[in-house]
Amino acid sequence: MNTETHFNAPSDAVLLAYGREVHMLLSSSTPERWKAYVWDMFGGYILVQKELGYTPELSNVFWSFKELLEFFEKAESLSTSSH
């Protein structure tokens with residue numbers, strides 16, 4: 001979860017490098033499949049909580065998974081709008 005209040009814009013080279021990394025990640029599977037993977041990971045995490053006990057970071061983990069899911073939803077809409 002991004003809680004930074006001051007934002008320094010990255011250079012074009014850094015943005016291109018991030019873009020290449022994201023492209024490589026997304027090319028390994030469809031955004032739809034990535035969303036399913038995120039739900040599978042979160043579901044597994046929730047199921048194991050009974051064995052792990054109280055986790056004070058659970059709400060942060062939830063929001064991180066939510067942000068990942070939203071990222072793949074945006075990626076999915078970008079890929080469908082570019083066709």
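Taking segment 1-24 as the range and being surrounded by 12 or more Cβ atoms within 10 Å (Cβ to Cβ) and more than 19 Å from LYS74 (Cα to Cα) as the test, only ALA17 passes. State whether the residues of segment 1-11 include one that is in contact with a helix residue (DSSP H, G or I) (Cβ under 6 Å, 6 or more places away or on another chain) and either under 20 Å from THR80 (Cα atoms) or of a type in the set (A, V, I, L, M) (or both). Yes; the residues of segment 1-11 include at least one that is in contact with a helix residue (DSSP H, G or I) (Cβ under 6 Å, 6 or more places away or on another chain) and either under 20 Å from THR80 (Cα atoms) or of a type in the set (A, V, I, L, M) (or both).
Here is a yes/no grid of residues against (1) free of Cβ contacts under 8 Å to residues at least 40 places away in the same chain; (2) surrounded by fewer than 12 Cβ atoms within 10 Å (Cβ to Cβ); (3) part of a helix (DSSP H, G or I):
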position: LEU26; (1), (2), (3): no, no, yes
position: TRP34; (1), (2), (3): no, no, yes
position: GLY44; (1), (2), (3): yes, yes, yes
position: TYR54; (1), (2), (3): yes, yes, no
position: SER59; (1), (2), (3): yes, yes, yes
position: PHE65; (1), (2), (3): yes, no, yes
position: LEU69; (1), (2), (3): yes, no, yes
position: GLU76; (1), (2), (3): no, no, yes
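Being under 15 Å from the mean Cα position of the chain (by Cα), loosely packed, with under 11 Cβ neighbours inside 10 Å, of a type outside the set (Phe, Trp, Tyr) and at pLDDT 90 or above: is that true of ASP40 here? Judged against the criteria, ASP40 is a match. Scanning segment 6-22 for residues being assigned to a helix (DSSP H, G or I) and not aromatic (Phe, Trp, Tyr) gives a total of 10. Considering (1) over 11 Å from the mean Cα position of the chain (by Cα); (2) modelled with pLDDT of 85 or more, say which one PHE72 fails and leave the rest. Checking PHE72 against (1) over 11 Å from the mean Cα position of the chain (by Cα); (2) modelled with pLDDT of 85 or more, the one that fails is (1). The residue that is modelled with the lowest pLDDT, counting only those in segment 43-69 that are farther than 17 Å from SER29 by Cβ and aliphatic (A, V, I, L, M), is LEU52.
The values are calculated or read from the model by the stated rules, or taken from the named source; none is laboratory data. What you see is a predicted model; the values in this text were computed from it and never measured. Note that we place each Cβ from the backbone using ideal geometry, even for glycine, and neighbour counts take in every protein chain shown.
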